[in-house]
Amino acid sequence: MSASSHPSVTGPGARARIAVALGRAVAGISRLTGRGSGSVIGGRAALRVHPGLLRALSAGREIVLVSATNGKTTTTRLIAAALAADRAVVSNSLGANMAAGIVAALGPTAPGTTAVLEVDERWLPGVLRDTEASTVVLLNLTRDQLDRSQEVRSLAAAWRRCLAETPPHTVIANADDPLVVWAARGAPTVIWVATAQRWLADAVGCPECTGRIEFGPSSWHCTGCDLSRPIPSVTVDDTAIVIDGERSPITLGLPGRINRVNAAFALATAHSLAVPLAPAADGIAAVTEVAGRYRVTTVNGRTVRLLLAKNPAGWHEAIELLAPAPAPTVVSINSRIADGLDPSWLWDVDFEILQGRFVVATGERRHDLAVRLRYAEVDHAVADTVDEAVRICAGRPEHRPGAVIDLAANYTAFQQYFERFGGDR
Amino acid sequence: MTSRDSAVRICVLYPELLGTYGDGGNARVLSRRLAWRDIAAEVHTVGAGEAVPDSCDLYLVGGGEDGPQTQAARELQASGALHRAVDRGAVVFAVCAGMQILGSRFPDADGIDRPGLGLLDCVTMRVDRPRAVGELLTTDATVTGPGGSTVPLGPLTGFENHAGRTVAGSSAIALGRVEVGEGNGDGTEGVVTGRVIGTYLHGPALARNHRLADALLGLVVGADLLTPLDDADVEALRTERQAAARRDRVGSGHDSLHRRRRP
Ligand SMILES: [Zn+2]
């Protein structure tokens, strides 16, 4: 993307330029040797020769950071699409949401280009400190990869500290996630978004006083201290996103309630950065797929839709998107490091909702899933490979010939299938 | 087959404080296994700040983070209901942080010793080693059933994620001996004092160890009501997980981080 329409800003110094060039060379070699896109490896190499590189590359830019347990990739994409309505935008791609990936994204772009950056929730403090971002978007904090990551409350505490130490001009945050509210409420300007978040199990104990939080139909408050739901200025309903009372009708290209919420964050971000609402909403509506999520593809000649769900909160959103019963479904679970080594969160998901459908369990932890489905009294089979799983689904009497088979997978399982079947659109 | 007049009352304690690792599944497993045998079950979920009933048959306490763990211990101590229930002969099954608070002392988030409930004869102390995270597998385990019978459980399998080392006192017995993983930290896993059973096994434990689930139910309803069930899915999972744990121990496989070898 060209930034020629922008005034020239003092660019990074010679050392930074050399580090970026080196990073791109390393990335190129990595690509040539078939080790993936190479951007993260290149970014890592560049950071090694210039540890202050992220700071240097951020200087003089408008920077938006997006962090959360769920939805950050999609929301980053929607924000970039909204801002692109009136300016050049750079953004990082899926999975490259730690310092190295961010450096790789910023490196080749003109210094004045606005950056919309997805940031791993554990990396937010470091990235905020280095970039001094003006806008920080905080979607939610729930359990994910517990055995790898810090526990969710200490994560909220780290967010709260970094927002106090490097206060952004604006924080755009979820009014319905008590952990996010507690982390963000000290920031100078907060735009609160009503999300009607359904996953509340991680937030019941108050992060301020460990007291009990009481949830009503549209509000919540702590019974032990003053932590309570802030009044949101951004809301979303079935047809529009409402910001400060102004309705922006929108028909999304992405399915599901959760993506309407993600779109509300995106439009609110664009609005706070002075992008006119109508073209921003058009940009958001035009996004139909994000890094393979919701992609309809073929698996051995059968039509399959790829859905990603990584954790209990994500599964409760994903289950709403599935083709209605009795359509048979494939569910795939892995437990690699990026997924969390322990899939016991399967028991926090109400798989009982799938009763009435036939489910084929696959992935490396298919047997854990099968036991969960057995106790949920969901009729199921176990398949050693995804090919077999899709074949079993297609052969079920409830499968309508030609209907799309939903394949819902957690993180590394999804990546595997996307690489194998996703094509490169 | 004998029958039972009243529903089995299962109490899930403070799931929002102690339910971080899917341990809520233990209640689902127990109530399904009763329902499949036409034995009525009621699950009572008690939230923080709510009164704990002392009349239930079986109490479940899950794992959790340090802060909520201390709060749960404080509330249970103040209530006294769990002590009264145990005195009446109720069964208690406690996992990880839940086991730690049932002992006589445990370290809080700052490493300070806190008094536990004293329902399990054990103490937990902080030790200077990395958190134990990974598959946990024991050799063939047994528990004492109704009338002093010995109930074979097979190997116990689960996932552990804890700091701290638990030492059983002279009146307690271990649940099993560790084959792979850390467990209590001295080659044993879990603590049993009478009808109170503690373990470091998540998974949830009763989903991965159906004989342990039935052993707990046997203590409540008697073994003769527990007709065999179709546990093919569980057996397949157990076979796969035991192989995975042994594979991790020798350092191969994708999830071999943090594995420790027991002598
Ligand atoms: Zn409070």
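When chain A is treated as a GNM with alpha-carbon contacts under 10 Å, the residue of A:Ala325, A:Ala133, A:Ala68 showing the greatest mean-square fluctuation is A:Ala325. For the range A:171-176, 3J(HN,Hα) computed residue by residue from phi via the Karplus equation (6.51, -1.76, 1.60; θ = phi - 60°) reads 10, 10, 9, 6, 6, 9 Hz, glycine and proline entered as x.
Counting only other chain Cβ atoms within 10 Å of each residue's Cβ, the peptide B:13-23 averages 5.
When +1 charges are put on Lys and Arg Cβ atoms and -1 charges on Asp and Glu Cβ atoms, the dipole computed for the protein assembly as shown relative to its Cα centre reaches about 2000 debye.
Compute the Cα gyration tensor for the range A:57-285, then decide on rounded, prolate or oblate, letting a ≥ b ≥ c be the square roots of its eigenvalues: rounded whenever a/c is under 1.5, prolate when a/b is larger than b/c in the other cases, and oblate in all that remain. Mind dumping the intermediate values first?
Numbers: a/c = 1.75, a/b = 1.20, b/c = 1.45.
Since a/c reaches 1.5 but b/c is at least a/b, the shape of the range A:57-285 is classed as oblate.
Within chain B, the longest segment free of exposed loop sites, counting trypsin sites (Lys or Arg not before Pro) that fall outside DSSP classes H, G, I, E and B and have at most 13 other Cβ atoms within 10 Å, spans B:1-130.
Where both bridge residues fall in chain B, DSSP classifies roughly 60% of the beta bridges as antiparallel. Expressed in units of 2.2 N^0.38 Å, where N is the residue count, the Cα radius of gyration of chain A is 0.99.
Helix-only mean residue ellipticity at 222 nm, chain B, DSSP H runs n ≥ 4 weighted -39,500 (n - 2.57), per residue, nearest 500. What is it?
Working: 7 runs with 73 residues, N = 263.
One gets -8500 deg cm²/dmol as the mean residue ellipticity at 222 nm.
For the pair B:Glu235 and B:Arg4 in one chain, pulling the backbone fully straight at 0.36 nm per residue adds 80.3 nm over the alpha carbon distance. At a Förster radius of 25 Å, what calculated FRET efficiency corresponds to the Cβ-Cβ distance of A:Arg391 and A:Arg257, to the nearest 0.05? According to the calculation, E is roughly 0.20.
Taken one residue at a time, the phi angles of the range B:220-225 give Karplus couplings (6.51, -1.76, 1.60, θ = phi - 60°) of 8, 9, x, 5, 6, 7 Hz. Gly and Pro are set to x. In sequence order, the range A:305-310 has phi-based couplings of 10, 8, 10, 9, 8, 9 Hz under the Karplus curve 6.51 cos²θ - 1.76 cosθ + 1.60, θ = phi - 60°, and Gly or Pro positions carry x. Give me the base-10 log of I(q)/I(0) for the range B:91-222 at each q in 0.18 Å⁻¹, Debye formula, one uniform scatterer per Cα, rounded to two decimals. Taking Cα atoms of the range B:91-222 as identical point scatterers yields -0.92. Shape analysis of the range A:296-421 places it in the oblate category; the axes a ≥ b ≥ c from the Cα gyration tensor give an a/c of at least 1.5, with a/b not above b/c.
Take each residue of peptide A:372-378, count the partner chain Cβ atoms within 10 Å of its Cβ, and average: the result is 5.
Looking at the range B:8-260, what % of the alpha carbon pairs are farther apart than 25 Å?
Numbers: 12007 of 31878 pairs.
Value for the range B:8-260: 38 percent of Cα pairs lie more than 25 Å apart.
Per residue, chain A reaches -10500 deg cm²/dmol at 222 nm when only DSSP H runs of four or more residues are counted, each adding -39500 (n - 2.57).
Look at the stretch A:342-354: the mean tally of other chain Cβ atoms within 10 Å of its residues' Cβ atoms is 5.
Near the amide H of A:Leu117, within less than 5 Å, lie the amide hydrogens of A:Val64, A:Leu65, A:Val66, all on another chain or at least 5 residues away, with H placed in the peptide plane.
None of the figures in this text is laboratory data; all of them are computed from the coordinates on show. A quick note: this is a predicted structure, and the numbers were derived from the prediction, not measured. Here the Cβ is made from the backbone with ideal geometry for all residues, glycine too, and neighbour counts use every protein chain on show.
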